[in-house]
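The values are calculated or read from the model by the stated rules, or taken from the named source; none is laboratory data. Keep in mind that this is a model prediction, so the values were computed, not measured. Glycine gets a Cβ as well: all are built from the backbone with ideal geometry, and neighbour counts include every protein chain shown. Remember, those area values only see protein heavy atoms, side chains included, never the ligands or the DNA or RNA. Shrake-Rupley method; radii C 1.70, N 1.55, O 1.52, S 1.80 Å.
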Amino acid sequence: CHRELKDFGSEQLPFKQFGANLAMYHCMLIGFATFELFKSEILVDVVSPTSYATTVRRKFIDIAAKVTTSGNKIYLKLREITLKRVQFKEVWWRCFNTPPLIV
């Protein structure tokens with residue numbers, strides 16, 4: 001788990017003061033927990049649940065796309081092979097059809 005957190009954020013904290021580093025560390029922990037949840041719930045068929053953050057970035061986030069506008073709409077243009085490789089439609093559907101939280 002520690003190696004995954006270092007891969008997600010950084011090995012060194014950027015500030016000289018303890019309070020600022022503490023705030024940065026807590027924000028990094030919240031981001032890491034959110035990332036792990038996104039990876040295990042949404043990207044379950046795209047990447048392995050045990051993969052590191054750099055693998056997820058390379059396979060899912062670092063893809064070639066073009067953002068265009070036409071009228072009042074914004075479009076994201078992807079190649080067909082990229083859509084199939086990252087299962088973009090399935091991931092998009094999972095993002096907008098999440099189960100409700102039960103408290």
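Do we find a residue being more than 16 Å from the chain's Cα centre (by Cα), open to solvent by 100 Å² or more (accessible area, probe 1.4 Å), within 30 Å of K6 (Cβ to Cβ) and not basic (K, R) anywhere in region 84-101?
Among the residues of region 84-101, at least one is more than 16 Å from the chain's Cα centre (by Cα), open to solvent by 100 Å² or more (accessible area, probe 1.4 Å), within 30 Å of K6 (Cβ to Cβ) and not basic (K, R), which makes the answer yes.
Out of all the residues in region 17-38, is one or more open to solvent by 70 Å² or more (accessible area, probe 1.4 Å), free of Cβ contacts under 8 Å to residues at least 12 places away in the same chain and over 30 Å from L101 (Cα atoms)?
Within region 17-38, one or more residues are open to solvent by 70 Å² or more (accessible area, probe 1.4 Å), free of Cβ contacts under 8 Å to residues at least 12 places away in the same chain and over 30 Å from L101 (Cα atoms).
For L78, only one of the following conditions fails: (1) within 30 Å of L101 (Cβ to Cβ); (2) surrounded by 12 or more Cβ atoms within 10 Å (Cβ to Cβ); (3) not β-branched (V, I, T). What is its number?
(1)
Are any residues in region 52-87 charged (D, E, K, R) and assigned to a strand (DSSP E or B), and if so, which ones?
K66, K73, K77
Filter region 93-103 for residues that are assigned to a helix (DSSP H, G or I) and closer than 27 Å to G9 by Cβ and give the result.
R94, C95
Could you check region 36-61 and list, in sequence order, the residues that are modelled with pLDDT of 90 or more and either over 25 Å from L5 (Cβ atoms) or charged (D, E, K, R) (or both)?
The answer is E36, K39, R57, R58.
Which residue pairs have Cβ atoms closer than 9 Å, lie 6 or more positions apart in sequence or on different chains, and pair a first residue in region 70-90 that is more than 16 Å from I42 (Cβ to Cβ) and touching a residue at least 12 places away in the same chain (Cβ under 8 Å) with a second residue that is open to solvent by 100 Å² or more (accessible area, probe 1.4 Å) and not in a loop (DSSP other than H, G, I, E, B)?
Close Cβ pairs satisfying both conditions: K77/K66; K77/V67; L78/K66.
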